[in-house]
Amino acid sequence: MNILERVSKLRQLMAENSIDAYIIPSADNHQSEYVGEYFKTRAYISGFTGSAGTVVITKDDAGLWTDGRYFIQADHQLEGSGIRLFKMGEPGVPTTEEFLSDSIPSGGKLGFDGRVIAAEEGISLEKKLSEKNISIVYDLDLVDQFWTDRPAMSEKPAFLLDVKYSGESFSSKLARVREKMTEAGAACHIITSLDDIAWLLNIRGDDVAYSPLVLSYSVITLDSVHLFIDENKLGADIMAEFAKENVVIHPYNDVYEFIKTIEKDQAVMVDPKKINYAIFNNIPSEVKVIEKDNPTIMFKAIKNEIELENVRKSHIKDGIAFVKFMYWLKQNIGKIEITEISASDKLEEFRAQQEGFIGPSFAPISAYKEHAAMMHYSATEESNYALKPEHLYLTDTGGNYYEGTTDITRTLALGEISNELKVHFTAVVRGMINLSMAKFLYGVRGYNLDVLARQPIWQLGIDYKCGTGHGVGYLLNIHEGPSGFRWQIVPSKNETAVMEPGMVITNEPGIYIENSHGIRIENELIFKNAEKNEFGQFMNFEVVTFIPIDLDAIEPSELNKDERAYLNNYHKQVFEKISPYLTEEEKDWLKVYTREI
Ligand SMILES: [Mn+2]
């Protein structure tokens, strides 16, 4: 079936069910950012493969809503599909809610699979559409009825994350969650976000691309844990751990019926941003619902001492792999054929040589010349540039290790570069350094600090259209709330929390000039307490990434005294920490690339 036939089949099923409009978003049943193959319904119905986007089909119209990262790709992939591109955030473009409210007749019907729509979003639609007396049918997965070669749901095994990596037992974490439930007056707490479940139970798996998560739902009460999961994923070691805490295993899909049986004298704590609309609606109407952020969000964001010690180790491993890669690239550029794809494969090869490496933590960004101006560029066989001994090359990649998840970006000069490129490169380095050097009082949010990274770039009359940094999970999601650096509040992003010691966050300013070049430098930081005095608790950062910043691209005269001292000291540490793990040739080379300037 081609796209046109799929859409027409869907319209036929909509008509049979008297549905006027049907929504297909990109999430899975757990509101994940990245999803497994089984859940790629939106790509199946539209041909659009980006990570974010929503398709709406009506009787005689069809649209895809996506954001600025994907306008060019979507335009291309939707060709001939009859599906129109709605560019989110552009002037005059309606939201999906506005579009639905305009196109469904009064008294009409909207349909979707309530498992893939967040409760918060479903509730908001309900409100908007009730003005026109439009009803919602949420128990229909219409696409499943004709998607004959739909990939199976992942059946990969789960594994136990030892306390030497997690730093806290499942029992201890569970006790903390129950304490928060009791404080809120809840007897029951539904957690369905996969990273929250994995963190709480100290398990990991391989059901979602790049994020080592296990497909499951959980219902926590004050004396039991109900886990909805394919039991075949669980080995004897996990079952033994679970037995200590009275974990009851149910089939994955049974959660929906189970929720309906919650007793009405129990108050249930849920996070409407983190559970799906079907689960939310299955809570019996007599049950009191307490809406609160999952306590696990803050718990897992604040890494414990053992996790932090491991995070430092994972970054040394990443540093070794990257330095070996950088040496290889600088030695071989112009001599052997290297492309965007082969370069990122090579870097992954160096990471894979490190003990405890599990896999990449997100899709690699390996971008040469003007490709780097696209922040989320992903090289394909068609777009794949050959790297030449000139201009700038940007590489943004990361690894999952038992010791944590990493995310690093370097931009490298592959030959002589123009003065303009050097000035831009140095401004980005200055922004990264200024934020790293910050000292501030407890109570600060990422929004208060973002300008430090942006200032040298704004001074040039340039801006980057994204945040400066995001929280990073511990062998979990690469983008993890509730912290982030951004100068404007984005309501849909969960990153406005006060910064706590132990949070791990990225620092990644950039300059992106369309059709010309892109520069980004990214280190990871740990929030730390500094001195406490009559003025309050001061805080600063510990940098955990130790990888050279390419001196071939720096214009030293653009750095002030403090910035130069910072860079020299940083490079001294890079050499001390990484050189013991290198060959003699690599060591000699690193000496030059970490020299004082
Ligand atoms: Mn990042």
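Specify which of the listed residues (Val177, Val208) is in contact (Cβ under 8 Å) with a residue 40 or more places away in the chain, touching a His at 6+ places or on another chain (Cβ under 9 Å), within 20 Å of Ser26 (Cβ to Cβ) and crowded, with 18+ Cβ neighbours inside 10 Å. Give the derivation first.
On the way: Val177 fails: within 20 Å of Ser26 (Cβ to Cβ).
When all the criteria are applied, what remains is Val208.
Condition check ((1) open to solvent by 40 Å² or more (accessible area, probe 1.4 Å); (2) free of Cβ contacts under 8 Å to residues at least 24 places away in the same chain; (3) of a type in the set (Gly, Ala, Ser)) across all residues:
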residue	(1), (2), (3)
Gly484	no, no, yes
Ser492	yes, yes, yes
Thr496	yes, no, no
Ile505	no, no, no
Ile513	yes, no, no
Ile519	no, no, no
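For the structure I just gave you, tell me whether Asp293 is within 30 Å of Asp271 (Cα to Cα) and among the acidic types (Asp, Glu).
On the way: within 30 Å of Asp271 (Cα to Cα): yes; among the acidic types (Asp, Glu): yes.
Spelling it out, Asp293 is indeed within 30 Å of Asp271 (Cα to Cα) and among the acidic types (Asp, Glu).
Of these, Phe71, Phe39, which one is modelled with pLDDT of 95 or more and not basic (Lys, Arg)? Before the answer, list the steps.
Details: Phe71 fails: modelled with pLDDT of 95 or more.
Step by step, each of Phe71, Phe39 is checked, and only Phe39 is modelled with pLDDT of 95 or more and not basic (Lys, Arg).
What's the total number of residues in the stretch 328-347 that are under 29 Å from the mean Cα position of the chain (by Cα) and in contact (Cβ under 8 Å) with a residue 60 or more places away in the chain?
Here the count works out to 1.
Out of the residues in the stretch 218-264 meeting the condition of being polar (S, T, N, Q) and in a loop (DSSP other than H, G, I, E, B), tell me which one is surrounded by the fewest Cβ atoms within 10 Å (Cβ to Cβ). If you could, list the steps in order and put the result at the bottom.
Pass one, the stretch 218-264, residues polar (S, T, N, Q): 218, 221, 224, 232, 246, 253, 261.
Next, from what is left, pick out any that are in a loop (DSSP other than H, G, I, E, B): 224, 246, 261.
Values: Ser224: 12, Asn246: 12, Thr261: 8.
Among those residues, the one meeting the criterion is Thr261.
Considering only residues that are in a helix (DSSP H, G or I) and open to solvent by less than 20 Å² (accessible area, probe 1.4 Å), which ones fall in the stretch 538-585?
Restricting attention to the stretch 538-585, the residues satisfying the condition of being in a helix (DSSP H, G or I) are 551-553, 556-558, 561-581, 584-585.
Selection gives Leu551, Ala553, Glu563, Leu567, Tyr570, His571, Val574, Ile578, Ser579.
Restricting to the stretch 401-422, name every residue that is in a strand (DSSP E or B) and under 16 Å from His470 (Cβ atoms). Give the steps one after another, and end with the answer.
The initial filter retains those residues of the stretch 401-422 that are in a strand (DSSP E or B), namely 401, 404-405, 408-413.
Listed by number, the residues that qualify are Gly404, Thr405, Ile408, Thr409.
Of all residues being out of contact with any helix residue (DSSP H, G or I) (no Cβ under 7 Å at 6 or more places or on another chain) and within 16 Å of the ligand (Cβ to nearest atom) in the stretch 354-389, which is most open to solvent (accessible area, probe 1.4 Å)? Just the residue, please.
For the stretch 354-389, the residue satisfying everything is Met374.
Please work out which one of (1) open to solvent by 10 Å² or more (accessible area, probe 1.4 Å); (2) closer than 21 Å to Arg115 by Cβ is the condition Val55 fails and give its number.
Checking Val55 against (1) open to solvent by 10 Å² or more (accessible area, probe 1.4 Å); (2) closer than 21 Å to Arg115 by Cβ, the one that fails is (1).
Run down Glu168, Glu183 and say which single residue is open to solvent by 60 Å² or more (accessible area, probe 1.4 Å) and more than 21 Å from Glu33 (Cβ to Cβ).
Details: Glu168 fails: open to solvent by 60 Å² or more (accessible area, probe 1.4 Å).
That would be Glu183, the only listed residue that is open to solvent by 60 Å² or more (accessible area, probe 1.4 Å) and more than 21 Å from Glu33 (Cβ to Cβ).
Just the residues that are open to solvent by less than 10 Å² (accessible area, probe 1.4 Å) and away from the ligand (no atom under 16 Å from the Cβ), please, taken from the stretch 422-437.
Across the stretch 422-437, the qualifying residues are Phe425, Thr426, Ala427, Val429, Ile433.
List the pairs whose first member sits in the stretch 390-418 and is within 12 Å of the ligand (Cβ to nearest atom), whose second member is outside any strand (DSSP E or B) and open to solvent by 10 Å² or more (accessible area, probe 1.4 Å), and whose Cβ atoms are under 6 Å apart, counting only residues at least 6 apart or on separate chains?
Between residues of the stretch 390-418 that are within 12 Å of the ligand (Cβ to nearest atom) and residues that are outside any strand (DSSP E or B) and open to solvent by 10 Å² or more (accessible area, probe 1.4 Å), the close pairs are Thr397/Pro364; Gly398/Phe362; Thr409/Glu508.
Scan the stretch 490-502 and give yes if some residue there is within 16 Å of the ligand (Cβ to nearest atom) and either in the same structural domain as Ser193 (by TED's automatic domain parsing) or among the small types (Gly, Ala, Ser) (or both), otherwise no.
The answer is no, given that none of the residues of the stretch 490-502 is within 16 Å of the ligand (Cβ to nearest atom) and either in the same structural domain as Ser193 (by TED's automatic domain parsing) or among the small types (Gly, Ala, Ser) (or both).
Filter the stretch 149-165 for residues that are of a type in the set (Gly, Ala, Ser) and touching an Asp or Glu at 6+ places or on another chain (Cβ under 7 Å) and give the result.
If we filter the stretch 149-165 for residues that are of a type in the set (Gly, Ala, Ser), which is where we start, we get 152, 154, 158.
Correct list: Ser154 only.
Quick check on the stretch 453-462: of everything there that is open to solvent by 10 Å² or more (accessible area, probe 1.4 Å) and in contact with a strand residue (DSSP E or B) (Cβ under 9 Å, 6 or more places away or on another chain), which residue is farthest from the ligand (Cβ to nearest atom)?
Here the residue is Leu460.
Being in a loop (DSSP other than H, G, I, E, B) and out of contact with any helix residue (DSSP H, G or I) (no Cβ under 6 Å at 6 or more places or on another chain) is the filter here; which residues of the stretch 508-537 pass it?
Glu508, Glu534, Phe535 - these are the residues of the stretch 508-537 that are in a loop (DSSP other than H, G, I, E, B) and out of contact with any helix residue (DSSP H, G or I) (no Cβ under 6 Å at 6 or more places or on another chain).
The values are calculated or read from the model by the stated rules, or taken from the named source; none is laboratory data. From a predicted model like this one, the values you see are computed outputs, not experimental measurements. All Cβ positions, glycine included, derive from the backbone under ideal geometry; neighbour counts span all protein chains shown. Accessible surface areas use protein heavy atoms only, side chains included; no ligands, DNA or RNA. Shrake-Rupley method; radii C 1.70, N 1.55, O 1.52, S 1.80 Å.
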